[in-house]
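Below you'll find the structure I mean.
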Amino acid sequence: MDPEFDGDDYQPDRDKPRLTGQIKEVFSFISDQKWHTVHRIAAITGHPEPSVSAQLRNLRKERFGGHTIDRKYAGDGLYHFRLANANPQR
């Protein structure tokens with residue numbers, strides 16, 4: 001996987017290695033196709049919760065694989081996420 005990130009403050013030399021590592025670790029963790037909270041994914045991977053949330057959104061984008069990431073509401077503003085399918089093109 002060689003994802004192409006962007007953003008107003010994105011600097012490839014500074015950010016690409018970190019973001020690539022994050023998205024790979026988040027993808028690997030949710031590949032079990034079980035339900036997980038952002039908090040749990042962050043705790044296990046060691047990445048900040050906002051970064052995990054951003055990487056879950058990125059994984060849905062075509063340029064990052066176009067994966068189906070399911071979401072279900074658990075109450076009190078808490079959601080669970082799971083990888084519904086892994087795009088075979090990865």
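The values are calculated or read from the model by the stated rules, or taken from the named source; none is laboratory data. Just so it is clear, the structure is predicted and the values come from calculations on it, not from any experiment. Here the Cβ is made from the backbone with ideal geometry for all residues, glycine too, and neighbour counts use every protein chain on show. Heads up: the accessible areas ignore ligands, DNA and RNA and are worked out on the full protein's heavy atoms, side chains in. Shrake-Rupley method; radii C 1.70, N 1.55, O 1.52, S 1.80 Å.
Could you tell me whether any residue of the range 26-45 is open to solvent by 30 Å² or more (accessible area, probe 1.4 Å) and among the hydroxyl-bearing types (Ser, Thr, Tyr)? Quick ask: steps written out before the conclusion?
Residues of the range 26-45 that are open to solvent by 30 Å² or more (accessible area, probe 1.4 Å), as a first pass: 27-29, 31-35, 39-40, 43-44.
Those left that are additionally among the hydroxyl-bearing types (Ser, Thr, Tyr): 28, 31.
Yes; the residues of the range 26-45 include at least one that is open to solvent by 30 Å² or more (accessible area, probe 1.4 Å) and among the hydroxyl-bearing types (Ser, Thr, Tyr).
Regarding the range 67-89, can at least one residue be identified that is open to solvent by less than 30 Å² (accessible area, probe 1.4 Å), among the polar types (S, T, N, Q) and within 13 Å of the chain's Cα centre (by Cα)?
no
Conditions: (1) assigned to a helix (DSSP H, G or I); (2) surrounded by fewer than 17 Cβ atoms within 10 Å (Cβ to Cβ); (3) not polar (S, T, N, Q). Tyr10 meets all but one. Number of the miss?
The single condition Tyr10 does not satisfy is (1).
Further question on the same structure: Only residues that are of a type in the set (S, T, N, Q) and free of Cβ contacts under 8 Å to residues at least 24 places away in the same chain: list them for the range 5-27, please.
First, the residues of the range 5-27 that are of a type in the set (S, T, N, Q): 11, 20, 22.
Listed by number, the residues that qualify are Gln11, Thr20.
Here's another thing I want to ask about it. Which count do you get for residues in the range 28-52 that are part of a helix (DSSP H, G or I), under 25 Å from Gly77 (Cβ atoms) and either in contact (Cβ under 8 Å) with a residue 60 or more places away in the chain or polar (S, T, N, Q) (or both)?
2
Based on this model, can you work out whether Asp2 counts as farther than 23 Å from Phe81 by Cα and either touching a residue at least 12 places away in the same chain (Cβ under 8 Å) or in contact with a Leu (Cβ under 6 Å, 6 or more places away or on another chain) (or both)? Working first, answer last.
Details: farther than 23 Å from Phe81 by Cα: yes; either touching a residue at least 12 places away in the same chain (Cβ under 8 Å) or in contact with a Leu (Cβ under 6 Å, 6 or more places away or on another chain) (or both): yes.
In short, yes.
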